[in-house]
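Below is one structure; the comments refer to it alone.
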Amino acid sequence: MKRNFFLIIIIISLFISNCLIPGKIIAGNYADYAVRAEFIPKKATPGDIITLRLSFEIPAGFKLPDNPEVTGLKDFDILKKTNIANGIKIDMFVDSMEDINLPGLEIYVYDQDGKQKTLKSNPAVLAVEPLIKVKPAENLLRPIKGLISTKYGIKRILLLVLAVILIILVIIAVYVIFKYRQRRKLCPEVPVLPPYLKALNRIDELVAPGIPDGREGKAFCFILSEILREYMGGIRNFNALEMTTHEIAGIVKDKSDIQLLNLLKRIDLVKFADAFISKTAFEEQVSLSLEYINRTKPKEV
């Protein structure tokens, strides 16, 4: 009878010990080695970087990859994952205002044949303490009048700001006008001459040193051609300086302009074909140029 009593006591003790002491995870393809998960430190504030340490023993014949696969961390901000002796160290960023509840994780290890075994970890909790601690009574909404001063009124403040901006704009405008007038006094504008006066003055400057003779008159022809083209373009409203004599011939219709084209063609022979021309011919060119300008200038002049 005593033997049966002691046997019953032993069986009850074994049953109670199995219920109270958690055993290793042995189910399906899970390895016989449990993983211990713990946060270091166990408390943090939002913005901290903490470490999750996963401690375990690798089964004989199995190894841990350089970049181990850990499931259950997809919702966490992982910064770095490092293999250490008997485990893995994972650096995490605390981006929550509430406690972080870590579920049971799964770690995969492989043998030489690529066969997989899975290690499970225990759940863990990281206590997160907010940076600003507010008492429940102080967390209630307060009247807006207690937050923003209404002594002067929003309209008065806006009017004051607009007045300051207007004063600044007036000061800037006065300064710009003052500087503009100063520049005009220092650099008076040169009056723009009408095309015929500008052409006559340039011809006077051209012939002042004397009319050349022979091949020395090539530069003379270039300048005279430029003067005539600029004048024709000014009175006929097209850019004769950028056009060839042939292109100008397709535009002009006036008899005086056509006569000037014949003069420009003769000048081109000297400019581009090195044709010989006498001093008398140069004088004739100048005379024809002056005649064309005087014929086409405004009648009232």
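Computed quantities for the displayed model
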| item | result |
| --- | --- |
| From phi via Karplus (6.51, -1.76, 1.60), per-residue ³J(HN,Hα) for segment 155-166 in Hz, x at Gly/Pro | 4, 5, 5, 5, 4, 5, 5, 4, 5, 5, 5, 5 |
| For segment 101-107, 3J(HN,Hα) per residue [Karplus equation, 6.51 cos²θ - 1.76 cosθ + 1.60, θ = phi - 60°, Hz, x = Gly/Pro] | 9, 8, x, x, 9, 10, 10 |
| Cross-link pairs beyond the 19 Å C-alpha cut-off, checked among K255/K299; K43/K120; K89/K115 | K43/K120; K89/K115 |
| Ranked by how many other beta carbons lie within 10 Å on average, peptides 247-253, 257-263 from highest | 257-263, 247-253 |
| Debye intensity ratio in log₁₀ form over the Cα atoms of segment 28-121, taken at each q of 0.10, 0.15, 0.17 Å⁻¹ | -0.27, -0.58, -0.72 |
| Cα-based equivalent ellipsoid, segment 76-136: semi-axes from gyration tensor eigenvalues, Å | 33, 13, 8 |
| Relative contact order of segment 173-301, pairs being alpha-carbon contacts under 8 Å that are 6 or more residues apart, as % | 31 |
| Ranking by accessible area, most exposed first, for Y110, Y196, Y292 with a 1.4 Å probe | Y110, Y196, Y292 |
| Net charge contributed by nearby residues that have their C-beta within less than 13 Å of G234 (K/R +1, D/E -1) | +2 |
| P(r), alpha carbons of segment 158-274 - 10 Å bins starting at zero, rounded % | 11, 28, 20, 11, 11, 10, 7, 2, 0 |
| Three semi-axes of the equivalent ellipsoid, segment 212-301, Cα gyration tensor, whole Å, largest first | 22, 15, 10 |
| Kirkwood estimate for segment 45-87, i.e. one over the average of 1/r between Cα atoms, Å | 12.5 |
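The values are calculated or read from the model by the stated rules, or taken from the named source; none is laboratory data. Treat the numbers as computed from the prediction; the structure is a model and nothing was measured. Please note: Cβ atoms are built from the backbone with ideal geometry, for glycine as well, and neighbour counts cover all protein chains shown. Heavy atoms of the whole protein, side chains included, go into the accessibility calculation; ligands, DNA and RNA do not. Shrake-Rupley method; radii C 1.70, N 1.55, O 1.52, S 1.80 Å.
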